[in-house]
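The next block holds one structure in the form of structure tokens; read it before the comments.
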Amino acid sequence: MAISQLFAPLPSLTGTLTLTGRRSLLPLNPNTQFPKSRLSRDRAATLVLQSKGDDSVDASDRIISAVCYFYPFFDGIQYGKFIITQYQPFQILIQPLFPAIRAFKSFPFNGFLVFITLYFVVVRNPNFSRYVRFNTMQAIVLDVLLIFPDLLERSFNPKDGLGLDVVMSLDSTVFLFLLVSLIYGFSACLFGLTPRLPLVAEAADRQVL
């Protein structure tokens, strides 16, 4: 039945009720108030509960999750040396982050210390919501994947020619992936959504109980 039919005006019931050809001695009151359907009340209550968003994410959880995606980007910023120096739009985009990047790179063990802190203080801490722990673990896994291009670059370090072109393409691809992951993960977390990065999300799911 359409909702409009539920709220359609009732026909006029003025006069008296006729039963089996006889007139009832009790006239009907035209102002009689009919009780609302219990089904309608239950459905309205259900809609109210749904509108509250039981699965909504707290603002603090959104901010913590969003900030975690800066960790792999800062740790892998060196892969953008070719793109950043050649294309000015990337310089303008990254320039506001330069102070934070310099602070992160100022101490050689900062990356390792951040890794230990995020993993044991956040991911393994049940006091944080699963939303925060999943996004933190996803950022950690993304940073761990940087080991592979680093090993490849250390073992294969050409100075010119085709080899240099290959290294430049690899580094630029890694940097662009980190940049897109940062923008996607940061933006999704601010809106309370769950970003799922390729090659990363499944591994993060297995680590977060």
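Return the carbon/sulfur percentage of the accessible area of the stretch 76-209, one whole number, probe 1.4 Å, all protein chains in place.
70 percent
Give me the 1.4 Å probe accessible area per residue for the stretch 92-209, excluding ligands and nucleic acids, in Å².
60 Å²
Multiply the residue separation of Arg206 and Ile116 by 0.36 nm, subtract the distance between their alpha-carbon atoms, and state the gained length in nm to one decimal.
Computed gain between Arg206 and Ile116 is 30.6 nm.
How high is the FRET efficiency from Ser106 to Phe156, r the C-beta distance, R0 30 Å, rounded to 0.05?
Here the calculated transfer efficiency is 0.55.
Report the extension gain between Tyr184 and Phe90 in nm, rounded to one decimal, defined as 0.36 nm multiplied by the number of residues separating them, less their alpha carbon distance.
The Tyr184-Phe90 span can extend by a further 32.2 nm.
The values are calculated or read from the model by the stated rules, or taken from the named source; none is laboratory data. Just so you know, these numbers come straight off a predicted model, no measurement behind them. In this analysis, Cβ positions are derived from the backbone assuming ideal geometry, glycine residues included, and neighbour counts consider all displayed protein chains. When the accessible area is computed, the model is the full protein with side chains, heavy atoms only, and any ligands, DNA or RNA have been set aside. Shrake-Rupley method; radii C 1.70, N 1.55, O 1.52, S 1.80 Å.
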